[in-house]
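Chemist: Attaching a single structure in structure tokens format; questions to follow.
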């Protein structure tokens with residue numbers, strides 16, 4: 001008998017009587033979700049910049065990242081910043097990226113996380129290998145909590161997707177918080193809209 | 001060496017014990033703050049517990065569904081009954097790709113299986129990429145905590161360790177500086193490793209995707225730069241549907257460190273173009289435990305470590321005193337299921353205060369199980385002779401009222417005139433404590449007198 005058959009047979013013999021799945025009903029809260037998102041994200045080390053439109057993103061990056069040697073942008077509307085990057089399915093070539101600019105799908109107010117999928121990353125490695133990461137989301141695209149987030153993801157056909165909440169960090173040395181463990185040292189979030 | 005001996009060793013350095021205790025309590029307080037700020041916290045806990053009950057009662061169909069979906073996603077699924085079989089599978093995949101250097105992100109399962117030792121004996125260089133895990137790996141130690149692997153290390157010692165292994169300047173113990181040095185050192189490994197191993201936080205039966213949570217981004221960086229991704233998971237990590245992730249991800253990081261969510265919660269559904277992806281499903285006693293009404297619940301664990309941080313024994317005895325991959329209260333109820341004789345001491349490493357049960361995000365009855373394990377262990381005869389003799393004597397005295405009376409009077413007489421009978425180093429209760437003065441008479445004498453008056 002293979003291990004697979006053995007494990008499955010033992011599981012089938014030993015699993016207890018059916019215990020039904022619970023309903024998922026949770027309160028949404030009456031917070032201003034945008035404010036909550038901003039507060040929580042700042043609290044976990046993200047930098048939130050509110051902009052009226054994409055032009056302002058362009059200006060902000062010109063002003064603050066003029067020293068960056070390599071900026072990779074995957075958002076067509078922001079082509080003026082650094083053009084649209086052509087990816088070659090070799091993530092190692094992204095090693096020297098200083099700043100990556102990506103379009104997120106939506107943000108989650110309760111934890112400051114932003115959902116982004118592979119098709120918006122250019123390369124799956126980009127959000128993790130870049131020294132600094134900028135994510136762009138629309139203010140209207142903020143959901144109150146993770147239940148609402150997964151409600152939106154119910155039929156998502158993503159091949160790879162991730163919630164990103166703040167810059168890469170560690171507190172493994174005596175609980176001292178250090179930003180920039182292996183991934184981006186900073187996370188910039190552009191919130192578009194009034 | 002049993003838990004008490006190993007704890008004794010840890011307790012030799014009193015300032016370190018105080019610091020260890022305080023640091024972990026601080027994390028417990030952060031967990032409380034996060035829990036209180038979350039509406040429906042208790043509803044989340046009971047919902048998570050019910051979902052896990054459903055998983056355990058339908059594990060067979062969920063495992064089949066998960067396997068089928070994962071295969072449809074282009075993932076190769078392996079099954080391992082034992083740690084040895086798991087290690088063989090991982091090794092054969094590495095061998096097939098002719099690789100000698102690999103990176104691994106945090107996985108308690110691979111610790112349970114002692115994968116690192118197995119691979120290094122076969123000439124494979126495994127680098128643990130989680131900073132805390134890398135620190136203990138360089139020191140040649142196992143992690144002492146499932147979420148905070150080097151919580152027992154002082155920064156000066158880490159500075160010294162990095163000076164020796166990474167060539168950082170002697171005497172520099174700045175966490176910012178040391179983290180930057182590790183980042184540079186590990187970047188090299190990320191860039192050159194063709195195989196990446198990760199653990200799995202959740203496997204979704206509905207979609208066949210796996211979710212991996214980290215703060216450092218080390219799992220993602222490893223996987224996305226490698227040609228091969230091997231994900232190792234226990235069969236109990238399955239959850240039914242994607243929407244249930246909402247419940248577990250709300251609980252996990254808040255319970256672990258008080259963060260609202262980990263920095264990265266990555267959903268791996270299909271391998272990247274050209275990548276070879278494997279999932280290794282490991283049993284190692286889990287399917288047997290499923291049969292036990294008393295101990296089944298331990299399989300609901302999501303490895304947040306909240307029970308460690310709150311445990312008055314763990315905080316003062318250190319993770320290594322548990323001599324098992326998963327330490328703390330949860331480890332003390334998991335380990336006897338794998339090898340009762342070797343871990344017979346662990347269910348006794350508790351005050352049964354119940355704090356672990358109170359903070360558990362999936363409501364495992366940890367302290368009840370600790371108590372039940374004690375009974376099983378005594379019945380099977382795995383306790384030490386002194387404990388056995390003591391308990392037998394106690395049973396005899398307590399079940400014979402006349403003997404009890406004489407024993408009480410004798411004990412009071414000895415305590416008064418020959419305190420050394422109790423106040424000696426063979427009495428563990430006398431260690432670090434003054435024994436109370438013996439009362440003049442027994443409670444039953446006192447009761448008789450006061451009833452008369």
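None of the figures in this text is laboratory data; all of them are computed from the coordinates on show. Predicted model, so just to flag it, every value in this text is computed and none were measured. Positions of Cβ are generated from backbone atoms using ideal geometry, with glycine treated the same way; all protein chains shown enter the neighbour counts.
Chemist: Could you tell me whether chain B comes out rounded, prolate or oblate from its Cα gyration tensor? Rule is a ≥ b ≥ c as square roots of the eigenvalues, rounded for a/c under 1.5, then prolate if a/b exceeds b/c, otherwise oblate. Intermediate results must be reported in sequence, preceding the final value.
Modeler: On the way: a/c = 2.19, a/b = 1.71, b/c = 1.28.
Prolate shape, in that a/c is at least 1.5 and a/b is the bigger ratio.
Chemist: Right, here's the next one. How many angstrom lie between the Cα centre of the stretch B:1-49 and the Cα centre of the stretch B:389-426?
Modeler: Answer, in whole Å: 37.
Chemist: Which one, A:139, A:169, A:69, has the greatest fluctuation when you compute a Gaussian network model over chain A with C-alpha springs under 10 angstrom?
Modeler: Answer for the Gaussian network model of chain A: A:69.
Chemist: Where the centroid of each part is defined by its Cα atoms, how far is the stretch B:122-160 from the stretch B:245-300 in Å?
Modeler: So the separation of the two Cα centres works out to 22 Å.
Chemist: As a test of the formula, what do you get for the protein assembly as shown when each DSSP H run with n ≥ 4 contributes -39,500 (n - 2.57) and the sum is divided by the residue count, at 222 nm and rounded to the nearest 500 deg cm²/dmol?
Modeler: Values: 27 runs with 281 residues, N = 647.
So the calculated ellipticity at 222 nm is -13000 deg cm²/dmol.
Chemist: Another question, then. According to the square roots a ≥ b ≥ c of the eigenvalues of the Cα gyration tensor, what is the shape class of the stretch B:385-452, taking rounded for a/c under 1.5, prolate for a/b larger than b/c otherwise, and oblate for the remainder? Write out the running numbers ahead of the final one.
Modeler: Working: a/c = 2.53, a/b = 1.31, b/c = 1.93.
In terms of gyration-tensor shape, oblate.
Chemist: Quick check: from the Cα gyration tensor, does the stretch B:38-284 come out rounded (a/c under 1.5), prolate or oblate?
Modeler: Values: a/c = 1.97, a/b = 1.30, b/c = 1.51.
Verdict is oblate for the stretch B:38-284.
Chemist: Need one value for B:253-261: mean number of C-beta atoms belonging to other chains within 10 Å of its residues' C-beta atoms.
Modeler: Numbers: counts 2, 1, 0, 0, 2, 0, 8, 12, 12.
If you average over the peptide's residues, the count of other-chain Cβ atoms is 4.
Chemist: If you count the DSSP beta bridges with both ends in chain B, what percent of them are antiparallel, to the nearest 5?
Modeler: Numbers: 7 of 32 bridges.
Taking every DSSP beta bridge with both residues in chain B, the antiparallel ones total about 20 percent.
Chemist: In percent, what relative contact order does chain B have, based on Cα pairs under 8 Å that are 6 or more apart in sequence? Don't skip to the answer; put the middle values down first.
Modeler: Working: 713 pairs, mean separation 92.8, N = 453.
Taking the mean separation of contacting Cα pairs over the length of chain B, I get 20 percent.
Chemist: Could I ask something else about it? Based on DSSP, what percent of beta bridges with both residues in the protein assembly as shown are antiparallel, to the nearest 5?
Modeler: On the way: 21 of 68 bridges.
Around 30 percent antiparallel, to the nearest 5.
Chemist: Cα axis of helix B:401-417 to longest principal axis of chain B: angle in degrees, 0 to 90, nearest 10?
Modeler: With rounding to tens, the tilt is 90 degrees.
Chemist: Give me B:353, B:301 sorted ascending by neighbouring Cβ count inside 10 Å, so fewest comes first. Let's see the in-between values first.
Modeler: Numbers: B:353 13, B:301 24.
Ascending number of Cβ neighbours within 10 Å: B:353, B:301.
Chemist: From other protein chains only, count the Cβ atoms within 10 Å of every residue's Cβ in A:111-118, then give the mean. Write out the running numbers ahead of the final one.
Modeler: Details: counts 10, 4, 7, 0, 2, 0, 2, 5.
That average works out to 4.
Chemist: Which whole-number percentage describes the relative contact order of chain A, with Cα contacts under 8 Å and a sequence gap of 6 or more?
Modeler: Details: 337 pairs, mean separation 49.3, N = 194.
The value is 25 percent.
Chemist: Related question: I'd like the orientation of helix B:245-256 relative to chain B: the angle between its Cα long axis and the longest Cα principal axis, in ° from 0 to 90, rounded to 10.
Modeler: Computed tilt is about 50 degrees.
Chemist: Same structure again: Name the most mobile residue of A:127, A:20, A:144, meaning the one with the largest mean-square fluctuation, in a Gaussian network model of chain A with Cα contacts below 10 Å.
Modeler: Answer for the Gaussian network model of chain A: A:20.
Chemist: Shifting gears a bit: Where both partners of a DSSP beta bridge lie in the stretch B:38-284, what percent of those bridges are antiparallel, to the nearest 5?
Modeler: Values: 7 of 32 bridges.
Close to 20 percent.
Chemist: Additional query: Relative contact order for the stretch B:38-284: what percent, with Cα pairs under 8 Å and sequence separation of 6 or more? Please report the intermediate quantities before stating the final value.
Modeler: Values: 419 pairs, mean separation 69.9, N = 247.
Dividing the mean separation by the residue count of the stretch B:38-284 yields 28 percent.
Chemist: What is the Cα coordinate range of the protein assembly as shown on the first, second and third principal axes, sorted by size from largest, in whole angstrom?
Modeler: 97, 56, 54
Chemist: Rounded to the nearest Å, what's the spacing between the alpha carbon centres of the stretch B:52-93 and the stretch A:52-128? Just the number, please.
Modeler: That distance is 36 Å.
Chemist: Now for a different question. Mind pulling the angle between the C-alpha long axis of helix A:3-14 and the longest principal axis of chain A? Nearest 10 degrees, somewhere in 0 to 90.
Modeler: It works out to around 60 degrees.
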